[in-house]
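The values are calculated or read from the model by the stated rules, or taken from the named source; none is laboratory data. Everything quoted here is computed from the prediction, not taken from an experiment. Cβ atoms come from the backbone with ideal geometry, glycine included; neighbour counts cover every protein chain shown. Heavy atoms of the whole protein, side chains included, go into the accessibility calculation; ligands, DNA and RNA do not. Shrake-Rupley method; radii C 1.70, N 1.55, O 1.52, S 1.80 Å.
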Amino acid sequence: MPPRRPRRGPGHFVRHVRVEERSDTGRYPYTLPAVRALGEHGLDLAAGVTFLVGENGSGKSTLVEAMAVACGFNPEGGSQNFRFATRASESSLGDRLVLSWSGRKPRTGFFLRAESYYNVATEIERLGLVPSYGGRSPHERSHGESFIDLVNHRFGPEGLYLLDEPEAALSVRGCMAVLARLAELADQSCQVVVATHSPVLLALPGATILEVEDDGTIAPTSYDDALPVRLTRGFLADPRAYLRHLLADGD
Ligand SMILES: Nc1ncnc2c1ncn2[C@@H]1O[C@H](COP(=O)(O)OP(=O)(O)O)[C@@H](O)[C@H]1O
Ligand SMILES: [Mg+2]
């Protein structure tokens, strides 16, 4: 019999996330509406790529970081083998999340947070891992180039990836390149959770978009209704109207 071909299509490793009962300390992060909503309802995660959108301060990074910690990643970013810590600022939520895993385990994974990638880059050099990241140290690449190296060279099939605002370093063209790579990864049995404000990334076909609403509810939405898409479209359709409002001197 010919060898069976590897399964194609989106990966599904983590199916559901909930918060352990009696975790609420009455302080950050349990005071955040999004964490309260997660505590009350839990969250289903779809196969393939899930985007998390919402205003600044709505709790996206808190949620992605906690999921990363619960999956065994270093809170400051990297793969499951990275253990460095420059400044512990993670919330305790990661230790109180209960993940429901499907039977299959990811073959590889990575937690990318734009704000601390510098430290991850130092660790990549220190551990002698530069060849797996495209052959050039992230410190010798622009911030955006190093992200693109990461997703192109280090990310691979059957991986579990958590990305916090990957667009922070990327040009619009860079976002398009990452979108194309995410499509490939989804087709290679990967599961990816991405907190983002990028209307370009959000256009990925087949992705699930979850929006953190003002009351903390985390609900599926469509591309056209997603906050970054609506606002960017509105602004680009008539920048002057927005500028009149934004720059009004109040009289
Ligand atoms: N270590 C911390 N201690 C206390 N409050 C925090 C901490 N980190 C974030 N916050 C607060 O939690 C809220 C959500 O932050 P964050 O998850 O980073 O939001 P987002 O990523 O959606 O912009 C913010 O209002 C922020 O001020
Ligand atoms: Mg954030």
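If the Cβ limit is 8 Å and pairs must be 6+ apart or interchain, which residue in region 188-199 that is on the phi < 0 side of the Ramachandran plot and assigned to a strand (DSSP E or B) pairs with which residue that is hydroxyl-bearing (Ser, Thr, Tyr) and open to solvent by 10 Å² or more (accessible area, probe 1.4 Å)?
Ala195/Ser61
For region 52-75, enumerate the residues that are within 13 Å of ligand 1 (Cβ to nearest atom) and outside any helix (DSSP H, G or I).
Of everything in region 52-75, those that are within 13 Å of ligand 1 (Cβ to nearest atom) and outside any helix (DSSP H, G or I) turn out to be Leu52, Val53, Gly54, Glu55, Asn56, Gly57, Ser58, Gly59, Pro75.
Being small (Gly, Ala, Ser), crowded, with 22+ Cβ neighbours inside 10 Å and farther than 30 Å from Pro205 by Cβ, is that true of even one residue in region 58-76? Outline the logic, then answer.
Step one: filter region 58-76 for residues small (Gly, Ala, Ser), giving 58-59, 61, 66, 68, 70, 72.
So of that shortlist, the ones also crowded, with 22+ Cβ neighbours inside 10 Å come out as 58-59, 66, 68.
Those still in the list that are farther than 30 Å from Pro205 by Cβ too: none.
Looking through region 58-76, none of the residues is small (Gly, Ala, Ser), crowded, with 22+ Cβ neighbours inside 10 Å and farther than 30 Å from Pro205 by Cβ.
Looking at Leu163, Leu204 in this structure, which one is of a type outside the set (D, E, K, R), open to solvent by less than 60 Å² (accessible area, probe 1.4 Å), closer than 28 Å to Cys71 by Cβ and within 16 Å of ligand 2 (Cβ to nearest atom)? Explain how you work it out, then say what you get.
Values: Leu204 fails: within 16 Å of ligand 2 (Cβ to nearest atom).
Testing whether each residue is of a type outside the set (D, E, K, R), open to solvent by less than 60 Å² (accessible area, probe 1.4 Å), closer than 28 Å to Cys71 by Cβ and within 16 Å of ligand 2 (Cβ to nearest atom) leaves just Leu163.
Applying the selection to region 77-112, what residues are assigned to a loop (DSSP other than H, G, I, E, B), of a type outside the set (S, T, N, Q), open to solvent by 50 Å² or more (accessible area, probe 1.4 Å) and out of contact with any Pro (no Cβ under 6 Å at 6 or more places or on another chain)? Please lay out each step first, then the result.
First pass over region 77-112, keeping only residues assigned to a loop (DSSP other than H, G, I, E, B): 77, 79-92, 102-107.
Among the residues that remain, those that are also of a type outside the set (S, T, N, Q) are: 77, 82-85, 87-88, 90, 103-107.
Subsequent filtering for residues that are open to solvent by 50 Å² or more (accessible area, probe 1.4 Å) retains 83, 85, 87-88, 90, 103-105, 107.
Answer for region 77-112, where residues must be assigned to a loop (DSSP other than H, G, I, E, B), of a type outside the set (S, T, N, Q), open to solvent by 50 Å² or more (accessible area, probe 1.4 Å) and out of contact with any Pro (no Cβ under 6 Å at 6 or more places or on another chain): Arg83, Ala85, Arg87, Ala88, Gly103, Arg104, Lys105, Arg107.
Find the residue count for region 129-172, including only residues that are without any contact (Cβ under 8 Å) to a residue 24 or more places away in the chain and touching a strand residue (DSSP E or B) at 6+ places or on another chain (Cβ under 6 Å).
Within region 129-172, residues that are without any contact (Cβ under 8 Å) to a residue 24 or more places away in the chain and touching a strand residue (DSSP E or B) at 6+ places or on another chain (Cβ under 6 Å) number 0.
Among the residues of region 208-241, write down those that are within 21 Å of the chain's Cα centre (by Cα) and either assigned to a helix (DSSP H, G or I) or without any contact (Cβ under 8 Å) to a residue 40 or more places away in the chain (or both).
Ala219, Pro220, Ser222, Tyr223, Asp224, Asp225, Leu227, Pro228, Val229, Arg230, Leu231, Thr232
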